[in-house]
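What follows is one structure encoded as structure tokens, with my remarks underneath.
The values are calculated or read from the model by the stated rules, or taken from the named source; none is laboratory data. Keep in mind that this is a model prediction, so the values were computed, not measured. We place every Cβ from the backbone using ideal geometry, glycine too, and count neighbours over all the protein chains shown. Please note that ligands, DNA and RNA were not included when accessible areas were found on the heavy atoms of the full protein model with its side chains. Shrake-Rupley method; radii C 1.70, N 1.55, O 1.52, S 1.80 Å.
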Amino acid sequence: MEISSLQKARYDYAPKLPEMLRNGIADICVEEGKETQSVADCDKIKALFPNTYGKKEIVFKKGNNTSAAKKQVVGVILSGGQAPGGHNVICGLYDALKSTNPENVLFGFKNGPSGLLEDDYLIFDDAYIDAYRNTGGFDIIGSGRTKLETKEQFAVAAEVCKKHGITAIVIIGGDDSNTNAAVLAEYFAENKTGVQVIGCPKTIDGDLKNEDIECSFGFDTATKTYSELIGNIGRDANSAKKYWHFVKVMGRSASHVALECALETQPNICLISEEVAAKKMSLSQIADYIADSVEKRAARGMNFGVALIPEGVVEFVPEFSVLIHEINELLAGSKADAFNALATWKEKYAFIENGLTKESMAVFAILPEGIQQQLFLERDPHGNVQVSLIESEKLFSALVKDKLAARKKAGTYTGKFNPIHHFFGYEGRCAFPSNFDSDYCYSLGYNAFMLIQYGYNGYLSKISNLSKPANEWIAGGMPITKMMNIERRHGEDKPVIKKALVELDSKPFTYFEARRDTWAVETCYVYPGAIQYYGPAEVCDITTKTLALEQA
Ligand code: FBP
């Protein structure tokens, strides 16, 4: 197989571990802290996790390794969307496991959690692992979105573990996957299977973070990749001076990715979904907000700009959520057949007009026709609108165009508005991990094995102090139940790790808020350039602005 020069060079990169994990396995001991309590709903969580609740936070130190000398057979699973660095979690896990005892075995369950249920696996060896060191992607074993959440699935998982003599499972996933890791850990403990479960925090969305987990892996590389592209677009816009670029960036619901890219590149506009929801902004208000920037810049002779749109924004617009709800109701069950039987869009439109409330129809009516049709024609297997498919970058540029046309008529705006659309998502999920993600992920995997070796169950691998150089990072573990609360999901009370949305009083947001009015009318673009893997630490090892501000 042909490989690029960079890939070859990255094979030789030695990821940096926290100081306490550096001296070799024989020199790692554990220090237990206080017993933990969940962040909320303690009694309910305790009742649901009688075997794994209230365990102690732990930190690794340099010192005599006192862990039990037993052969470990570990299974690892990649769960959910790709995030740069996943391969290194597995490499770190493998290296720690093999340096502890060359007889230890690492199973990789293929294509996500379903691999465990279907007993579909490979066994790693040096040659296989070496071909994936410091590379992006999840192709080492594949990933998938099957949820491991039912008792029946847990029983199958226990059988598969028993068959192979597996002593621990490592789940690399986001908030949902790690919630399920905690439930699986409790099941294994309750049924005395002897199998431990350890989670590792992954997602480019950056929404698995809390007072214990400083950031999920992949966020650093993905946002640096998007920021490079946005910076390039900003420079193109400032060179050609004739286009407004509407750039949608990934992040299923939280706006951490958009905010980080804005902090890196200083675009004219960046919507933050959480603010849209807090201020209950309507589509028309958002369009006016963007149009104001277009108009002010045009008045200064700048008919160009860059606007960032977070992927999930429309779901945070209250009137839009109501509209989606009404559409789902309107087409529920057999009503969809009556709609689908109508021959023309004109007839369908009349059906819609008849079925929606006046308020929702007013929202529907201002949408571009392409988006109106998308809402009714592209539906998921349950018949629901697929909000994630909505091309919000096109939606907002169309709404802004209408606003500007009205302003032109009123004589307040005389500029030109030529929008161009982009969506940056998949481009960043499998990039070569930055040095930060290479180091962080390798440390998470290495550390996950130390948690296994010391007998912990239901813990998340925790590496902290991340805004400092890697040697100052702190390695340890936190019981997943500590991060849980009860939330209403699909009509039921469920114990879950809380999803971290952008906090409007956080340092990253307030820093952005204090500067965005200037960015909206002036041209303040910053050009971060491509991720650098080799060179001075201040160029190659920088963390995200979000992390730097949070820990300032
Ligand atoms: P995870 O939460 O599993 O990490 O995935 C996040 C994400 O990358 C979102 O940013 C995006 O909306 C979604 O996955 C896309 O999912 P898919 O890969 O199934 O198209």
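Would it be correct to say that SER397 is at pLDDT below 90, part of a helix (DSSP H, G or I) and under 24 Å from VAL247 (Cα atoms)?
Numbers: at pLDDT below 90: no; part of a helix (DSSP H, G or I): yes; under 24 Å from VAL247 (Cα atoms): yes.
Here the answer is no, as SER397 does not meet what is asked.
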Run down LYS403, LYS348, LYS408 and say which single residue is of a type in the set (Lys, Arg), free of Cβ contacts under 8 Å to residues at least 12 places away in the same chain and either away from the ligand (no atom under 16 Å from the Cβ) or closer than 24 Å to CYS270 by Cα (or both). LYS408
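In segment 285-301, is there at least one residue being outside any loop (DSSP other than H, G, I, E, B), in contact with a helix residue (DSSP H, G or I) (Cβ under 8 Å, 6 or more places away or on another chain) and within 16 Å of the ligand (Cβ to nearest atom)? Please lay out each step first, then the result.
The first filter runs over segment 285-301 and keeps only residues outside any loop (DSSP other than H, G, I, E, B), leaving 285-299.
If we keep only those that are in contact with a helix residue (DSSP H, G or I) (Cβ under 8 Å, 6 or more places away or on another chain) as well, we get 286-288, 290-297.
Then keep just the ones that are within 16 Å of the ligand (Cβ to nearest atom); that gives none.
No: zero hits.
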Residues of segment 523-543 being surrounded by 14 or more Cβ atoms within 10 Å (Cβ to Cβ) and over 13 Å from THR265 (Cα atoms), which ones? ILE531, GLN532, TYR533, CYS540, ASP541, ILE542, THR543
Which residue pairs have Cβ atoms closer than 9 Å, lie 6 or more positions apart in sequence or on different chains, and pair a first residue in segment 177-193 that is closer than 10 Å to ASN457 by Cα and touching a residue at least 40 places away in the same chain (Cβ under 8 Å) with a second residue that is open to solvent by 10 Å² or more (accessible area, probe 1.4 Å) and among the aromatic types (Phe, Trp, Tyr)? GLU186/TYR53
Here is a list of conditions, (1) within 20 Å of PHE423 (Cα to Cα); (2) more than 16 Å from the ligand (Cβ to nearest atom), and SER273 meets all of them except one; can you say which number that is? (2)
Name, by its number, the condition in (1) within 30 Å of GLY428 (Cα to Cα); (2) crowded, with 17+ Cβ neighbours inside 10 Å that does not hold for PHE364. (1)
Those residues of segment 426-450 that are open to solvent by 10 Å² or more (accessible area, probe 1.4 Å), in contact with a Phe, Trp or Tyr (Cβ under 8 Å, 6 or more places away or on another chain) and within 14 Å of the ligand (Cβ to nearest atom) come to a total of 2
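Do any helices (runs of 4 or more DSSP H) entirely within segment 140-242 hold 3 or more residues that are of a type in the set (S, T, N, Q) and open to solvent by less than 10 Å² (accessible area, probe 1.4 Å), and if so, which?
219-240
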